Amino acid sequence: MTQASAPSPAPSPAKSDPLRANSRRRIAEQLPDATLIKWLRDMFLIREFENRTAQAYQQAKIGGFCHLYTGQEAVAVGTIKALQPDDPIVHAYRDHGHALARGMDPRACMAEMFGRATGCAKGKGGSMHMFDKPHWFFGGHGIVGAQTPLGTGLAFAAKYECEVLGKSLPNPGVLDGQPPKKKVALAFLGDGALNQGALHEAMNLAGLYSIPVIYIVENNGYSMGTAIQRGTTMAHDLMAKARAYGIEGRVIDAFDIMELYDHFKPLVDACRDEQRPAFVDLKTYRYLGHSMSDPQKYRTKEEVDQFKAKDSIDCLAAYLMGDRIDAAGKPALSQDQFQEMQEEVRALVRDSVEFAENSPVPDPAELYSDVFVNPQPNLSPTAEYVKGAKNPLL
Ligand SMILES: Cc1ncc(C[n+]2csc(CCOP(=O)(O)OP(=O)(O)O)c2C)c(N)n1
Ligand SMILES: [Mg+2]
């Protein structure tokens with residue numbers, strides 16, 4: 001069988017790069033200790049949350065599909081911290097980390113996985129459907145690539161509010177009632193979504209109408225068990241796909257959160273300012289299987305270990321406790337402070353599990369609420385909508 005794309009090597013761990021030193025120097029100058037310490041804490045929260053999720057899954061307390069984010073934490077934290085709090089975000093199904101990085105209460109996130117009424121989607125979505133409107137987090141989507149047109153639509157809506165409605169109405173914010181302003185939407189996708197038609201239709205419109213959406217490819221090298229170069233053309237130069245739609249972007253090493261932020265933040269600012277799209281190929285890696293059941297025959301333990309040696313959390317912790325020192329030689333973070341941080345996070349995650357366990361399951365009457373198609377109108381609180389009397393869309 002022939003392949004159209006040039007052969008591309010298996011994913012390789014980030015090489016030491018002189019540019020990284022420049023990134024660190026810029027970030028060190030721009031950002032205070034407290035900000036970097038918060039990044040570390042947020043990445044550690046995701047790691048710990050996923051550990052406890054795995055445990056609860058093995059104990060059959062969580063059911064359904066469940067995909068852990070362990071290893072990719074720097075992507076969610078480093079990109080989302082570059083946003084304004086009301087910039088919209090959409091994601092695929094490996095979404096717990098993004099929800100937490102965006103500020104979702106860990107209790108609501110864990111309870112959702114436990115299928116409890118206190119979950120962020122009232123326990124009806126589960127692991128793949130985290131949703132948090134106050135934080136402008138619009139899912140959590142299970143169909144590969146399906147979220148990318150939604151992200152494009154959210155960006156289009158924000159641009160339309162700002163450029164069209166904003167000129168004619170005094171306070172027209174449709175989604176939040178706030179005066180419109182320039183926004184950027186993030187549409188996260190996996191490398192496996194690169195070949196979905198939905199993505200290409202969305203990118204075409206984004207290029208055509210200059211829509212301020214950033215397509216973030218979390219390129220962890222695999223789509224389930226298929227290595228990227230086996231299933232995707234131009235795997236060695238994904239930017240070619242964006243260039244075809246007139247969209248600019250860049251490749252960023254996403255193992256080092258400081259380097260990621262250093263390159264990503266200016267891109268967000270430019271897309272906001274110029275109201276235009278972008279596309280980024282973020283090199284990352286997942287440490288665990290695709291989902292909870294994955295024998296991982298498609299890769300070796302040595303390959304995984306090579307990436308673990310570049311762990312984002314270890315790297316930032318080492319920087320804060322070693323390299324980043326003040327004039328008196330004191331590190332930005334002491335061993336004791338790091339210990340305290342870990343204990344605080346562990347307690348928070350334990351609390352989220354207890355909260356989920358002690359929460360009620362959804363009322364059966366909820367079964368047909370908040371759904372588009374109601375096969376049982378007589379059993380549903382939305383019955384009147386279905387009969388047409390109160391349908392807000394008619
Ligand atoms: C349209 C569609 N096709 C197939 C699937 C089955 N599926 C679920 S996850 C997945 C792999 C996606 O990999 P990638 O986008 O790289 O994300 P990652 O799991 O690496 O985060 C596939 C094929 C699906 N959910 N939707
Ligand atoms: Mg992937």
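For segment 254-278, give me each residue that is crowded, with 20+ Cβ neighbours inside 10 Å and either within 16 Å of ligand 2 (Cβ to nearest atom) or in a loop (DSSP other than H, G, I, E, B) (or both). Passing the criteria: A254, F255, D256, R276, P277. Scanning segment 135-158 for residues that are assigned to a loop (DSSP other than H, G, I, E, B) and within 16 Å of ligand 2 (Cβ to nearest atom) returns H141, G142, I143, V144, G145, A146.
Mind telling me which of the residues A60, A21, A34 ends up being on the phi > 0 side of the Ramachandran plot and surrounded by fewer than 16 Cβ atoms within 10 Å (Cβ to Cβ)?
On the way: A21 fails: on the phi > 0 side of the Ramachandran plot; A34 fails: on the phi > 0 side of the Ramachandran plot.
That would be A60, the only listed residue that is on the phi > 0 side of the Ramachandran plot and surrounded by fewer than 16 Cβ atoms within 10 Å (Cβ to Cβ).
Filtering segment 213-224 to residues that are within 16 Å of ligand 2 (Cβ to nearest atom) and either more than 17 Å from G71 (Cα to Cα) or not in a loop (DSSP other than H, G, I, E, B) (or both) leaves Y215, I216, V217, E218, N219, Y222, S223.
Can N220 be described as within 16 Å of ligand 1 (Cβ to nearest atom) and buried (at least 18 other Cβ atoms within 10 Å of the Cβ)? Show your work before the answer.
Working: within 16 Å of ligand 1 (Cβ to nearest atom): yes; buried (at least 18 other Cβ atoms within 10 Å of the Cβ): yes.
When the stated conditions are applied, N220 passes them.
Among the residues of segment 330-377, which ones are small (G, A, S), at pLDDT 95 or above and more than 18 Å from L100 (Cα to Cα)?
Start the filter on segment 330-377 by keeping residues that are small (G, A, S), which leaves 332, 334, 347, 352, 356, 359, 365, 369.
Now drop any that are not at pLDDT 95 or above, which leaves 332, 334, 347, 352, 356, 359.
Scanning segment 330-377 gives A332, S334, S359.
Looking for whichever is of a type in the set (A, V, I, L, M) and exposed (fewer than 15 other Cβ atoms within 10 Å of the Cβ) here; the options are A244, A202. Which one fits? Spell out the reasoning first.
Working: A202 fails: exposed (fewer than 15 other Cβ atoms within 10 Å of the Cβ).
Every option except A244 fails the conditions.
One line per residue, one yes/no per condition, for (1) in contact with a helix residue (DSSP H, G or I) (Cβ under 8 Å, 6 or more places away or on another chain); (2) over 30 Å from A21 (Cβ atoms):
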residue: L194; (1), (2): yes, yes
residue: A198; (1), (2): yes, yes
residue: M258; (1), (2): yes, no
residue: D273; (1), (2): no, no
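Residue by residue, here is whether (1) within 30 Å of A28 (Cβ to Cβ); (2) touching a Ser or Thr at 6+ places or on another chain (Cβ under 9 Å); (3) of a type in the set (A, V, I, L, M) holds:
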{"residue": "V184", "(1), (2), (3)": "yes, no, yes"}
{"residue": "L194", "(1), (2), (3)": "no, yes, yes"}
{"residue": "A198", "(1), (2), (3)": "no, yes, yes"}
{"residue": "V213", "(1), (2), (3)": "no, yes, yes"}
{"residue": "I216", "(1), (2), (3)": "yes, yes, yes"}
{"residue": "R243", "(1), (2), (3)": "no, no, no"}
{"residue": "E248", "(1), (2), (3)": "yes, no, no"}
{"residue": "A254", "(1), (2), (3)": "yes, yes, yes"}
{"residue": "L260", "(1), (2), (3)": "yes, yes, yes"}
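Cβ-Cβ contacts under 9 Å between residues 6 or more apart (or on different chains), taken from a first residue in segment 177-194 that is β-branched (V, I, T) to a second residue that is in a helix (DSSP H, G or I) and more than 16 Å from ligand 1 (Cβ to nearest atom), are listed as V184/A155; V184/A158; V184/V268; V184/D269; V184/C271; V184/R272.
Does segment 110-133 contain at least one residue that is within 16 Å of ligand 1 (Cβ to nearest atom), in contact (Cβ under 8 Å) with a residue 40 or more places away in the chain and in contact with a helix residue (DSSP H, G or I) (Cβ under 8 Å, 6 or more places away or on another chain)? Give the derivation first.
Within segment 110-133, the first condition is being within 16 Å of ligand 1 (Cβ to nearest atom), and the residues that meet it are 125-130.
From what is left, the residues that are in contact (Cβ under 8 Å) with a residue 40 or more places away in the chain are 126-128.
Filter once more, keeping what is in contact with a helix residue (DSSP H, G or I) (Cβ under 8 Å, 6 or more places away or on another chain): 126-127.
Looking for residues that are within 16 Å of ligand 1 (Cβ to nearest atom), in contact (Cβ under 8 Å) with a residue 40 or more places away in the chain and in contact with a helix residue (DSSP H, G or I) (Cβ under 8 Å, 6 or more places away or on another chain), one finds at least one in segment 110-133, hence yes.
A quick yes/no check of all residues on (1) away from ligand 1 (no atom under 14 Å from the Cβ); (2) more than 19 Å from A157 (Cβ to Cβ); (3) part of a loop (DSSP other than H, G, I, E, B); (4) among the β-branched types (V, I, T):
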site	(1), (2), (3), (4)
K181	yes, no, yes, no
L186	yes, no, no, no
L194	no, yes, no, no
H200	no, yes, no, no
M203	yes, no, no, no
A206	yes, no, no, no
I211	yes, no, yes, yes
R230	no, yes, no, no
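The values are calculated or read from the model by the stated rules, or taken from the named source; none is laboratory data. Given the structure is predicted, the values throughout are model-derived calculations rather than measurements. Note that each Cβ is placed from the backbone with ideal geometry, even for glycine, and that neighbours are counted across all protein chains shown.
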